[in-house]
Each structure stands twice: as C-alpha cells, then as structure tokens.
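A short reminder: the numbers here are calculations on the coordinates, not readings from a lab. Since we're looking at a predicted model, the values are computed, not measured. Every residue, glycine among them, receives a Cβ derived from its backbone with ideal geometry; neighbour counts consider all protein chains shown.
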Amino acid sequence: MDTFFQQVINGLSLGAIYALIALGYTMVYGVLRLINFAHGDVYMLGAFAGYYLANALNLDAHPSVLYAIGVTIGSMAICAVIGILIERLAYRPVRHHSRLTSLITAIGVSLLLEYGGQVVFGATPRFFPQMIRSETYSIGDVQITNQSLLIIVMSVVVMFALQFIVHRTRIGKAMRATSYNLSVAKLMGINTDFVIAFTFALGSALAAAGGVLVALAIPRIDPLMGLMTGLKAFVAAVLGGIGNIPGAMLGGFLIGLMETALSATAYSTYRDAVAFAVLILILLVRPAGILGTSVTEKV
Amino acid sequence: MSSGEAPLLLDVRKVDKQFGGLAAVKDLSLQVPHGALFGLIGPNGAGKTTVFNLLTGVYRPTDGEIHFDGRRVDGRRPYDIATLGMTRTFQNIRLFPDMTVLENVMTARHLRSRQWLADAIIGTPRHAREERATRARARELLGIFGLDALRDEVATNLPYGSQRRLEIARALATEPKLLLLDEPAAGMNPQESLALMDLIRWIRTEFAMTILLVEHNMKVVMGICERIQVIDHGETIAVGAPAEIQRHPAVIEAYLGGS
Amino acid sequence: MGPLRKVVALVGTIAILAALNHVFESGLGDFQINPYYARIINLIGINITLAVSLNLINGLAGQFSIGHAGFMAVGGYTATFVTVYYGAAIAGLVGGTLNGGPGTFVVMAVSLSAGALAAALAGLLVGVPSLRLKGDYLAIVTLGFGEIIRVIILNIPAVGGATGFTDALPITTFFWIFGVAIATIAIVRNIARSTFGRALSAIRGDEIAAEAMGVRTTRYKVMAFVVSSALAGVAGGLSGQLFANPLNPQNLNFVKSIEIVVMIVLGGIGSITGAVVGAATLTVLPEALRGFDQQFPGLRMVLYALLLILFMIFRPQGLFGRRELGWTWLRLPGRTKIPVALSDSADARQHTGRRPTDRRSTLGGSDTDE
C-alpha cells in the first residue's frame, strides 16, 4: 500500500510539470486556436535561463531559498519576453493565413529553438546547480523530496492564480472575449494584439517556472528536453479539455500518474507511448476532453 | 405518377431538435407531395435552415421521424440521403473553392457514376468512358444554365448571381427527386429574382422535380409556391395556399410583431 | 491516352530505367558514377515517393497528417523482415539467389509488396478512427500514432530494436527506387484526375457541401490514406534495404515525418511537381551545406528551421502552389488545367468558420450557442 502511495506521489510530481506546461498550451490555444509547438522548447529555455542565472549567483556553493526564488522569477521574465518575441515575429505574420500554415510555423519555431539551443548551449547536457538544499520528508514509508512538494504546490497555486486572472480581472475578460471571437473583440475596442502578447507572456513564464522547478528535481538539462515533455503536456491539455484551465491541471496530473504507473510494470519501455495512446483514445471518445464542452457548428 | 409510389415524397412527422437547452425546432410536421413547389417561410431565426439541416442529415432530430420517398431517413448521413434523391443548395453559397465551374458539377455526378479506385489508378477503358460521360452530362447541365462558356473558371470567381445558379446546377447533377433551395434569391435584384422564378418553375417542369424552397423574398415565394408553410420559433404557425397565408392573422403577427 | 500508347510508355520507361540502372550499378565504359552522388540520387528517389504519397493525403485531400514516418517504418520493417528471413527461400523458388539476377528481383518484388500491404493495413487501422477529426486534432493524432508505432518497433528484438535493422540485405537498386517513384507519381496523378480526385478536392474545399452532394467523405479520406500509407511503406522497404542505410526507430520519428511535410510545403501542397522539386531540393540541400556544417556545426539545421518559418510567412503556398508542370503528351485530350489557386482559399474558410466536429472550448470554459 505504501508503494502505491509512493507511486501516487511520484506521479503527481511528474504530473505537476506537465500541468504547468499544459496551462500555457491551453491558454494560447484557447485564445488563438494555435497549437504552439514551440511551447515545450520555451520550457527548455526556462531551465537554461535558470541555469545561467543560478551559476551567475553561484548558488551551487551557497544554496539559498531567496535567491532560488529570484532565479525562478528571472527565468520567468526572460521567457515571457521570448514568448512575446516569438508571437510577434513568427506567429502574428501568419495569423490570417490558414491554420495549417500556423501549425507548420509553430513546428518551425520549435525546431529553431531546439537546433538553435544545440548550437548556443551545445548538445551535451548540463547540470543544474542545487539552488536549495535537498530534503526528504517521510510519512510512514512514503517519501517526498522538498522539490517534488514544491512542484506540486506551485502548480496548484499557479492554476488558482490563472483562474483568478482569467475570470476576475479585466485582462482576463479581454482574453476570454478574444478567445470567443477575435474580430468582434477588436470591434469592441479590445487591443487584441496586446491580449495575445500577454497570453503568450503568461504561458511562457509558466513554462519557464516549470523548467526551473524540474531542473531542481532532475538536474540534467539539454536542448532537446522540451520535445517529449512538451508533446506530453499538450496531450495533458487535450485530455483535460483544451482551453480549460482546471482541465489542464487535471490532465497533467492524470498523465503523470499513468506514466508512473506504467513505469512500475513490465511494460515500462512503452512509457513514451502512453501519452499518445491516451491522446488518441480521448480524441476518439470525448474530443472535448474531460472538462471541455463541445460546440456545434452552424451550417 | 404511378400508383405504386407513396403519396408523399417528403413526410416529416413531429420532429424536434434541441441544441443544449435551446429548442430550435418543436413538433414540426411537413408534408410535401410529388411534384409540388413548396415554400417554407418564417421570420429570421425561425429555424428554417435548421429544418433543411435536419432533412439532409446534417443534424439528427432529437425526436420525431423523417420519411423520404417511402424510406425513413432521419439520422442518416448526408451522402446517403443525397444518394436517395434529396439534394440542397446552401444559404451561404458553398461551392468548392479550388475547383472550376465544370469540376464543381462533375463532382456532383460522383454518386451516379460507376467506378472503382483501381479503375482510376490504372486508367482502364471503363474509367475513361465514365469520365467522358460525366463530363458530357456536366456540360449539358452547364449549357442549360448558360454557364458552359465559363466552365474553366474558378467557381468562386463568378459573379454572385452566377454562383447561385451554379449551385443549383450542381445540385441537379445529382439527379435528385427533391430539390431543397435555401434562400436562392438572397442578394438578388428584382430582375434577377424574376429570372430565378422562371428558372425554378422551368426546373420543376423540365426535370419533373419536387422543390422545397426556403425564402425571405415574398414576391418570389408568393409568386411561385403552390403551398406554403410558415414557421416561427421552430413551430408551424400556418400551412396553406399563398392567398390564405397572406391573410392569416398568426402569420401577419409573426412578421410584424405582436404584443 | 490510348491503350497502345500506354503500353509503349510503360515498356519504354522500363527500358530506360533498366539502362540507367546498368550505368548506375556497373558504369558505362570508363565512366563510373561517384558513389557519393549515387547515394544522393537514390535518396532523392526515395524521398520523391515519400513526398508525392504524402501529397495525396495532405495536398489533394487536405487532411493534415504528420505521421508518415510511421507507415514508412511499418512497411520498411515488414519488407526487410521478409527478405532477411524468407528471402533465400523465395529466391530459391525461382532458381535464383540473393546476389542479383532474377532471384533477387523476385525477392524484392515480394518484399516490397509485403511492405505495401502491411503499411496499407496500418493506414486503415490509423485512418478509420483518425480521419473523423479535423485540422490540428488530426495532425496530433497522426503524430501520436507515428510515435506509438515507433515505440512498438523499438521493442521488437527480431528486427533489431534500438540498434536498427542491421541484418538487412542491400538489394535496393536505382531501378527499383525510380521505378517506384515514377509509379507513385503516375498513381497519384491518375487519382487526382479521376472522380476520386475530384471527390477528395471537394472534401478539402468544403466537406459539408461534398457530403451534401453524395460524396462519402470518411470512406474516401480513408481510401486516400491507405494508398498514401502503402506507398510510404514501399519507400520504407526501399530505404531499409539500401546499402548502409538500415532502418532505425530513432530516425523514423516525427522529425522525419515533419521533414517530409516540409518537402511538400516548400514545393507547394497540392502540387505533384512541387513535391518532386521539394523532395529533391531538401535531399540535396543538407548535403550541399555539409561543408558549411563542418565550419559552423549545427547551424545547418537552424537555417533549415528558419527557411521553413520564412516560407510560411512570405510564401505559404510554396513554390508551385497547386500548379503542375504538365507535359502535353501526358495530358488527356480536352483536359482542363486546374488554375492556380492558393491553398489558402480553402483553408481560410477553416480559419473563420467552425466545423461540426471541431470541439474546443473557449477560455472561459462555457459554450455559446448560435
């Protein structure tokens, strides 16, 4: 029974990462109907930004919670800017082209970040400094590290914060309006360009936070780390209901739990396929996702 | 008309359609006999296009039955219903955008042509024969509608009125028994509307066609329809000959607004 | 084209291919083709088959699939498996060996047929559930299937697992590669000009209208998908049995699928000529930049990605749009040429309109009804 709870904890920690990234996917898709393939790579950039910042502050030698927070925020800020730049330079010019074109552009940006990352950072993995002293807490035989706990707590906090922003603030209202109908939102006087930029910034910041938090738990970072994780996070977003914020959270945790469960069995080599199998099933059985709602077209 | 045919070509029995909590169509019945020129009218948002969508299989009724040519068709896919002989045009013209005028009509011949994919891939004589027949029939139809000269134009480049006529030609290419026209006179000036009225009457005679028409243009409706059904808020409020409908109090109220 | 002309064309093509094949493999007098260039030419041929077959489903039918590498894998592994484990027996049946000659020819034919069949089956299994979806969702699902296929293959020791199918026998020749490429072009062209091609174009242009005109949309999408997958499978069989080019699951992932997509996008989605040009260009380009790559390692792929983005921004219809370069003698008499139309015109409708099965919720989580 304890192993079960241990696996649950592990699954939730993994799932929380997917959740954080999935939130960004879901927001951008909700507002722009665009699958931002590059989102997973922003997560990677967040980890690297954190890496350079942490090294600059020499945190390996002097772990400090305060500086760790600073590094996280710094990384989030950097990636927010990167997200805005990507939107402005690559996605906005193709916004009025076909969805296929936007999708391919997103793939192009993703490849650019990955290969560019390999050129700039080198393909060999780096090791993220220990920003805070690692501690493990135990309840019975179940163990959880402070990093895992932090990840889980952070993701839940972030989800509530996002819900608040989207449903209780003016900018959130603007985001929702834009997601319903961009042209009408524009006619209503909403600065849709700003709203979209804001959405990207927010999503990218979250991905960056995810990157830093993950690097705390699993210190090995490399330019391709965003590829698989990003895809799985996207699956999580779809599972929960794309465009739905609590859904992204739910989806993330579910995927994390499923993957962890599979790793414990004899079929662990099929681990990577789990997310995709789930995706296919969901899209066939309930395309709107668990918490999503379907909209029928007017013919 | 042979005695073996069902008396009604189209028999809609108490059909409901709900979208979530909204009832778009309520307890609607509609009877169209063979060879009729039948009009379906109502104020904006009355549910007329929803009725068309229900008839052609785009939507599935939440309740009720639809019988076409003696067969039950509610819940069937649009392509099945088209094969059974019911075709339509669309309120917002839906021509195939990347294809020429001729190709648009040739595509509609698809369900009346006999080919296997293997024929196409290898290029058998049967394939060539079918292609020639399809092209000939399509050009014939285009000729009737005066569009043959434009056959190699991209369909969406045509002027609006021609596009509407093309859509009708395309629908006729499927050799329907019942033709559903969704606001064919929309956006037409009085002259064009008159020409359209002639065209519709002519199609009915020439092709022995039954026609069900949704239309806002009262001149057209009153001018050509033999029988009219009025709906409002998804429910039938009157059925009858044009003269009756024009005097019907419920109809007048629905259009001009009541208390 | 009358039947006599067709037979002449067929025989002529085979003769020319056989002659070129001889030059390729054995040289002509003192002339020997440089093995490096030979390899590139062979890769171009394989990529042509991949690109043109993908164009059938992405370009003509307008269904965006990014799992093509998965079908290449299924077909390739099946074909190679047949050769490796049954090749000698099959060659023996016709009194030949696996060292060339009629025995090997028969083995190759059987091997590729097996690959095509397996890939077609995979295409059916993937297509039937997936092609009910539209746009982005279809893309992601096909990507997912591609990855699942890859993971499954990774776990089969009999075909080499993670190290790749190195037991493969190098029986692929220029003749087979370009024979298949030409056949693929012919098949896709014939489909495009037939009633099926029109049906697929109609589905691409306006699926609702197509259905209303009696086109069995799901069935045709699946048929196109199956044909496309089968051809990809043959390409896989050719690729895996090319000298020093074993199949490896790590190389048959979604990056490979995307490379094929890029070929047709750059060439122009919907144009067979474009697919051919795209395939050739994107096979040659990385090689041509190899020197550059040695100077600035990794920059080549960065440029590749940039190229893709810039094309999408400035010329989304690719080089040829939907246009073809036609040779007059290959045209049916009286055949009309499809005018240049940006693929955007059909897709623009997708952007503004919503489709019946387009399920997504808006950010606020509630849905509105119209």
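Numerical summary
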read-out: Taking C:Asp206, A:Asp141 and counting other C-beta atoms within 10 Å, the order from fewest to most; value: A:Asp141, C:Asp206
read-out: Antiparallel bridge percentage (DSSP; both residues within region B:102-257; nearest 5); value: 50
read-out: Table column - 3J(HN,Hα) (Hz), region B:59-70, Karplus curve with 6.51, -1.76, 1.60, x for Gly and Pro; value: 10, 9, x, 6, 7, x, 10, 10, 10, 10, 6, x
read-out: Region C:177-257 - convex hull of the alpha-carbon atoms, volume per residue in Å³; value: 101
read-out: Footprinting exposure proxy for A:Leu14, A:Leu59 (fewest neighbouring C-beta atoms within 10 Å first); value: A:Leu59, A:Leu14
read-out: Percent of C-alpha pairs per 10 Å bin, region B:40-113, short to long; value: 17, 42, 31, 10, 0
read-out: Of the GluC sites (Glu not before Pro) in region A:82-142, those whose Cβ has at most 15 other Cβ within 10 Å and which sit in DSSP loop; value: A:Glu135
read-out: Over 28 Å (Cα to Cα) - which of B:Lys14/B:Lys177; B:Lys17/C:Lys134; B:Lys177/B:Lys219; C:Lys221/C:Lys256; C:Lys6/C:Lys134 fall in this group; value: C:Lys6/C:Lys134
read-out: Rg(Cα)/(2.2 N^0.38 Å) for region B:126-259, N = residue count; value: 1.27
read-out: Among C:Gly278, C:Gly27, C:Gly62, residue whose mean-square fluctuation peaks in a GNM of chain C (springs only between Cα atoms under 10 Å); value: C:Gly27
read-out: At q = 0.31 Å⁻¹, base-10 log of I(q)/I(0) for region A:121-177 (Debye sum, equal scatterers on each alpha carbon); value: -1.13
read-out: Under the Debye formula (equal points on every Cα, no solvent term), log10 I(q)/I(0) of chain C at q = 0.15 Å⁻¹; value: -1.43
read-out: Between region C:152-196 and region C:258-284, the alpha-carbon center distance in angstrom; value: 17
read-out: Label-point gap, in nm, between A:Asp193 and A:Arg271 - each point 7 angstrom along Cα→Cβ; value: 4.5
read-out: Inter-label distance, nm, simple model (7 Å from Cα along the C-beta direction), B:Asn92/C:Ala183; value: 4.5
read-out: Fewest-first sequence of B:Ile231, C:Ile264 by Cβ atoms within 10 Å of each Cβ; value: B:Ile231, C:Ile264
read-out: Cα→Cβ-extended label distance, 7 Å offset, between C:Thr281 and B:Phe19, nm; value: 4.4
read-out: Hull volume in cubic angstrom per residue (convex hull over the Cα atoms of region C:70-134); value: 73
read-out: Cut-off under 5 Å, modelled amide H: who pairs with B:Val25 long-range; value: B:Lys17
read-out: Shape parameters for the protein assembly as shown, alpha-carbon atoms, Rg then Dmax in Å; value: 30.5, 100
read-out: At R0 = 45 Å, FRET efficiency that the Cβ-Cβ distance of C:Leu310 and C:Leu124 yields, to 0.05; value: 0.75
read-out: Two-decimal log10 I(q)/I(0) for chain A, as the Debye equation yields it once each C-alpha is a single scatterer, q = 0.08, 0.09, 0.13, 0.14 Å⁻¹; value: -0.34, -0.43, -0.90, -1.04
read-out: Percent of Cα pairs exceeding the 15 Å cut-off, where the set is region A:104-152; value: 67
read-out: Between region C:20-97 and region B:116-175, the Cα center-to-center distance that results, in Å; value: 39
